[in-house]
Amino acid sequence: MLTRRLIVCLDVKGGRVVKGVQFESLRDVGDPVALATRYEAEGADEVVFLDISASAEERATLLDVARRTAERLFVPLTIGGGIRTADDVARALRAGADKVSLNTAAVERPEVLNEAADRFGAQCVVASIDAKRDGARWRVYTRGGRDRTDLDAVAWARECVRRGAGEILLTSIDRDGARTGYDLELTSAVAAAVSVPVVASGGAGSATHVRDVLRHGGADAALVAGILHDGETTVRDIKALLADDGIPVRKTA
């Protein structure tokens, strides 16, 4: 059984880490460089920076933060938000990112996934999908969860992989910040449809929620944010529970 990853997500706005509920009601939770290095020391397998405002000015801020963080970080770093072209991907990689996440730009012009994968390799390209339940299916949303599309999340995930995405970052808008557990049904449906790793996001309220999405949701990795920022648990404690339950994880120091 492959080692499962615990990934810490830092939503960055104006050079600071923020957190909200269902992409709204944002509050400041700290400095991104300090938080990233702290979570790595606790045993995080990867760190994700998402520029949630994604204007040109904010993106420049995020790349500066990425450079400063990459100098101190030894685990993989993913950058997302405002990445629109293969040239933007190149800038993020030069700033120190190991992987780059595309969401809105991929929906608006799917060819960007092909272009990025062709230039830099599928291992660098993460298709970020924000999904919300719509009856018996899940609808894809863009622009930070504001714009509803006609895309079915499962079918879109399959298309992203066909175009070269090497990983799917799947966020349940319904569960984001709610701390009621990941959407296991959504995660399972996408994981069953694609051949690349799926990172589950949205809903982590406890270590048991992380365990459940890795064991029952088919996820290869789980994204965690708010419960760490608020000190309700630690990376070390989550990984200890996973290990105790027989889920293979990289050991913490």
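Read-outs throughout are calculated quantities, based only on the coordinates presented, and are distinct from any laboratory measurement. Worth saying up front: this structure is predicted, and the values here are computed from it rather than measured. Heads up, the Cβs are rebuilt from the backbone with ideal geometry, glycines too, and the neighbour counts pull from every protein chain shown.
For segment 129-172, what is the percent of antiparallel DSSP beta bridges, rounded to the nearest 5?
75 percent
Give me the three principal axis extents of the chain from the C-alpha atoms, as integers in angstrom, largest value leading.
The Cα atoms of the chain stretch 43, 42, 36 Å along their principal axes.
With an 8 Å Cα cut-off and a minimum separation of 6 or more residues, compute the relative contact order for segment 5-244 in percent.
Relative contact order for segment 5-244 comes out at 17 percent.
Which residues among segment 71-102 fall inside the zone where the amide N is under 19 Å from a point 7 Å beyond the Cα of ARG38, along Cα→Cβ?
Zone members listed by number: 71-75.
With the crude spin-label approximation of a point 7 Å out along Cα→Cβ, what separation in nm comes out for ASP87 versus LYS251?
For the pair ASP87/LYS251, the computed spacing is 4.8 nm.
Please compute the alpha carbon radius of gyration of segment 113-253, then divide it by the globular-protein estimate 2.2 N^0.38 Å. Two decimals is fine.
Compactness ratio reported: 1.06.
Given the Cα-Cα distance of ASP174 and ARG137 and 0.36 nm per residue of separation, how much length would full extension add, in nm?
Difference between extended and current length: 12.0 nm.
Per the Debye formula with a single identical scatterer at each Cα and no solvent contribution, what log10 I(q)/I(0) holds for segment 1-148 at q = 0.12, 0.14, 0.15 Å⁻¹?
Log10 of I(q)/I(0), two decimals: -0.49, -0.67, -0.77.
Residue by residue through segment 144-151, what is 3J(HN,Hα) from phi via Karplus (6.51 cos²θ - 1.76 cosθ + 1.60, θ = phi - 60°)? Round to whole Hz and write x for glycine and proline.
Rounded to whole hertz, the list is x, x, 8, 10, 7, 10, 8, 7.
Report the label-to-label distance for ASP230 and ARG119 in nanometres (one decimal), using points 7 Å from each Cα along the Cα→Cβ vector.
The modelled label-to-label distance comes out at 4.0 nm.
If all Cα-Cα distances of segment 129-206 are sorted into 5 Å bins from 0 onward, what percent lands in each bin, rounded to whole numbers?
3, 17, 29, 27, 17, 6, 1
Return the FRET efficiency for the residue pair GLU71, GLU111: r is the Cβ-Cβ distance, R0 is 35 Å, and the value is rounded to the nearest 0.05.
0.55
Assuming R0 = 35 Å, can you tell me the calculated FRET efficiency for the pair LEU26 and SER195, based on Cβ-Cβ distance, to the nearest 0.05?
0.50
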